[in-house]
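The values are calculated or read from the model by the stated rules, or taken from the named source; none is laboratory data. Quick caveat, the model's predicted, so the values are computed rather than measured. As a convention, Cβ positions derive from the backbone with ideal geometry for all residues, glycine included, and neighbour counts pool all protein chains shown. The area values use the complete protein model at the heavy-atom level, side chains included, leaving out ligands, DNA and RNA. Shrake-Rupley method; radii C 1.70, N 1.55, O 1.52, S 1.80 Å.
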Amino acid sequence: MKVLVVGSGGREHALAWKLAQSPLLEKLYCAPGNAGTARLGMNVDIKAEDMTSLLQFAEREGVDLTVVGPEAPLVAGLADLFEEAGLKVFGPGREGARMEGSKAFAKRLMLEEGIPTGRAEIFEDHGEALGYLRSVGAPVVVKADGLAAGKGVTVAADLREAEAALAACMLEGRFGAAGEVVLIEEYLEGQEASLLTLVDGEDILPLAPAQDYKRIGDGDSGPNTGGMGSYSPVPALDDGSYRRVVEEILRPTARALAKRGIRFRGVLYAGIILTEEGPKVLEFNVRFGDPETQAVLPRLRSDLLQAMLAVCSGELSSLRLEWSEQPCVTVVMASGGYPGDYRKGLPVRGLEVAEEVPGVTVFHAGTAVGPGGEVLTAGGRVLNVTALGDDFLQARQRAYEAARLIGFEDVYYRSDIALRVIGESAS
Ligand code: GLY
């Protein structure tokens with residue numbers, strides 16, 4: 001079977017790595033991929049947004065399954081385009097992708113279906129939004145409706161910050177059309193978890209939960225990033241809460257989509273907050289999480305390709321997934337300066353020796369193959385150093401031991417990934 005993975009980050013390397021373990025796989029392509037995916041299959045120089053070239057490539061090469069990593073091509077309708085051409089694709093069409101592409105759409109669906117989530121009002125007019133904001137006060141959350149490269153959500157501690165976020169969206173046009181509609185949402189407190197489920201249009205099959213770290217600095221300080229680390233499973237999500245997420249959130253959401261005539265085939269990602277009133281949805285995404293995937297897939301014993309094919313053919317109900325009991329920890333190694341300006345093209349050393357640490361896999365994110373075949377930095381988040389262990393303490397120690405063996409100029413990584421799970425004494 002020929003499989004094309006669309007995207008170029010750590011998530012896509014982890015997907016490619018897991019798909020490459022399938023006995024069903026004959027040939028793997030990644031578009032555009034990175035230096036890590038180049039070791040597993042053939043990188044194809046087509047960007048994830050270039051839908052026409054992706055379709056032409058898939059048709060020409062006889063690709064049997066296309067797996068879409070990032071959200072933007074899904075929101076833009078890549079899955080619809082492929083399906084219209086008779087090609088199999090893992091990922092929802094444009095309508096289903098609105099669960100991530102429009103926060104207002106997702107919020108309305110949740111409110112209509114009684115799916116637990118924070119209270120919110122949706123505005124198209126700045127004056128009305130401002131009046132409402134002042135009536136509810138802070139802390140409060142201001143969200144741009146559309147895709148804003150992870151920068152469209154402001155958790156405002158005071159009204160000044162909330163008003164600035166609102167103005168950025170609705171007056172200054174910082175996010176273009178994505179900020180023309182704004183949600184003003186209740187601030188919720190609690191620990192967060194990401195629970196993803198496969199959806200075949202009707203049935204769901206949840207994956208192991210994970211937790212990510214969004215901020216750049218230790219202790220969750222500094223600006224938001226694309227994710228600085230993750231771990232799986234999530235001890236804070238006990239069996240009772242897990243069941244509630246599945247039965248009160250994931251299953252009803254999949255049903256609600258089907259009820260609206262939306263055939264959602266792919267992965268639905270619920271960003272959950274564990275409040276005193278129970279688990280509530282912070283947001284939905286319509287693709288694998290990054291860097292959650294890098295901590296979840298090493299724990300999956302089953303064949304991911306077979307599971308994806310079951311999603312595409314609507315046969316999830318007959319499938320079970322086997323998981324390793326071992327926890328997994330992923331530390332993101334970034335370029336100094338990220339999420340602001342950073343340098344690219346710096347040689348990366350020590351990858352082979354790092355991968356000799358037991359339980360360790362190094363997923364590439366922002367890397368490229370240099371002219372002499374060497375690995376060079378090519379993005380803000382460069383590598384995801386991932387380790388399985390008998391417990392969180394061992395997984396964490398292995399991930400950091402491997403990270404210390406890797407070097408590139410200006411390297412930066414958080415030192416507290418998964419620390420909260422094992423207590424401060426293990427640092
Ligand atoms: N880790 C957050 C995300 O994938 O959106």
Could you report the accessible area of residue 296 in Å², rounded to 10, computed with a 1.4 Å probe on the protein chains as they sit in the structure?
10
When the accessible area of the chain is split by element with a 1.4 Å probe, what percent falls to carbon and sulfur?
46
Radius, Kirkwood style, for the chain when every pair of distinct Cα atoms is counted (Å):
21.9
Ratio of Rg to Rh for segment 371-427, alpha carbon only, Kirkwood?
1.05
What is the local net charge at residue 4, summed over the other residues whose Cβ is closer than 12 Å to its Cβ (Lys, Arg +1; Asp, Glu -1)?
0
Pairs of Cα atoms under 8 Å, at least six residues apart: use those to get the relative contact order of segment 273-395, whole percent.
27
Order of 173-182, 234-243, 302-311 by packing, highest average Cβ count within 10 Å first?
302-311, 173-182, 234-243
Rh (Kirkwood; distinct C-alpha pairs) - segment 1-122, Å
15.3
Using only the Cα atoms of segment 280-427, what do you get for the radius of gyration and for Dmax, in Å?
17.1, 50
Once phi is turned into ³J(HN,Hα) by the Karplus curve 6.51 cos²θ - 1.76 cosθ + 1.60 with θ = phi - 60°, what whole-Hz value does each residue of segment 276-289 show in order, with x for glycine and proline?
5, 8, x, x, 10, 8, 8, 6, 10, 10, 10, 7, 5, x
Starting from 0 in steps of 5 Å, tell me what percent of the Cα-Cα pairs of segment 237-355 lands in each bin.
2, 8, 12, 17, 20, 14, 9, 9, 6, 2, 0
All-pairs alpha carbon distance profile, segment 206-284, 10 Å steps from 0, percent
16, 43, 31, 10, 1
With all protein chains present, calculate the accessible area of residue 375 using a 1.4 Å probe and round the result to the nearest 10 Å².
30
Residue-normalised accessible area of segment 125-253, expressed per residue, 1.4 Å probe, Å²:
42
Over segment 301-373, average the accessible area per residue using a 1.4 Å probe and give it in Å², no decimals.
46
Report the equivalent ellipsoid semi-axes for segment 116-177 in whole Å, largest first, defined as the square roots of five times the eigenvalues of the gyration tensor built from alpha carbon atoms.
17, 14, 12
Along each of the three principal axes of the Cα atoms of segment 32-98, give the extent in whole Å, ordering the values from largest to smallest.
35, 22, 17
For residue 88, give me every one of the lysines with a C-alpha distance below 22 angstrom, ignoring sequence neighbours fewer than eight places off in its own chain.
2, 18, 27, 47
What the Cα atoms of segment 171-216 span along the principal axes, largest first and in whole Å, is 42, 29, 23
